Amino acid sequence: VRKLKFHEQKLLKQVDFLNWEHELRVLRRYRLQRREDYTRCNQLNRAVRDLRDPFRMRTSAALPDKLCALGLVPTRGSLEPCDFVRASSFCRRRLPTLLLKLRMAQHLQAAVAFVEQGHIRVGPDVVTDPAFLVTRSMEDFVTWIDSSKIKRHVLKYNEDEA
């Protein structure tokens with residue numbers, strides 16, 4: 001077997017042969033369009049787990065509060081739930097996934113399309129990035145934009161039904 005060239009070694013460092021099936025499953029389940037989004041979620045996950053060493057444990061009293069505000073852990077109490085934060089936890093807080101949860105879209109693909117086409121706003125801001133992470137406090141402010149034809153269609157449907 002010949003020795004790998006530099007660029008071949010560099011490419012091999014980017015590929016994870018052990019976890020690629022799990023990665024594909026998460027990419028499909030949460031309709032992540034770019035592998036970089038999954039990598040970023042994994043990096044955030046690693047950063048949360050790395051905050052568990054003894055020195056940082058004393059200095060990271062705000063970590064459970066931040067993770068609870070993001071909606072990644074259910075309670076603010078201790079650092080124990082921080083161990084169970086995974087990349088899929090971050091994916092569940094993405095805007096298209098929350099649109100499904102709020103029943104504003106029937107399918108994840110449609111939710112991604114609504115966000116990319118500019119039909120959704122979070123608070124006063126129109127969001128066109130499907131990788132937008134929605135915090136717990138902003139979850140109540142996810143709505144249709146005022147000029148959206150989908151919003152008009154939903155209102156018309158609700159009037160006809162009433």
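The values are calculated or read from the model by the stated rules, or taken from the named source; none is laboratory data. In this text, all values refer to a predicted model and were calculated from it rather than measured experimentally. A quick note on method: Cβ atoms are made from the backbone with ideal geometry, for glycine too, and the neighbour counts reach across all protein chains shown. For the accessible areas, the whole protein counts, side chains as well, though only heavy atoms, and no ligand, DNA or RNA atoms are used. Shrake-Rupley method; radii C 1.70, N 1.55, O 1.52, S 1.80 Å.
Tell me the residue from Val115, Val85 that is touching a residue at least 40 places away in the same chain (Cβ under 8 Å) and either of a type in the set (Asp, Glu) or open to solvent by less than 40 Å² (accessible area, probe 1.4 Å) (or both), please. Give the steps one after another, and end with the answer.
On the way: Val115 fails: touching a residue at least 40 places away in the same chain (Cβ under 8 Å).
The match here is Val85.
What residue, among those in the range 17-59 that are open to solvent by less than 70 Å² (accessible area, probe 1.4 Å) and more than 30 Å from Ala113 (Cβ to Cβ), is modelled with the lowest pLDDT?
This residue is Arg52.
Which residues, taken from the range 122-144, are among the aliphatic types (A, V, I, L, M), touching a helix residue (DSSP H, G or I) at 6+ places or on another chain (Cβ under 9 Å) and not in a loop (DSSP other than H, G, I, E, B)?
The answer is Val122, Leu133, Val142.
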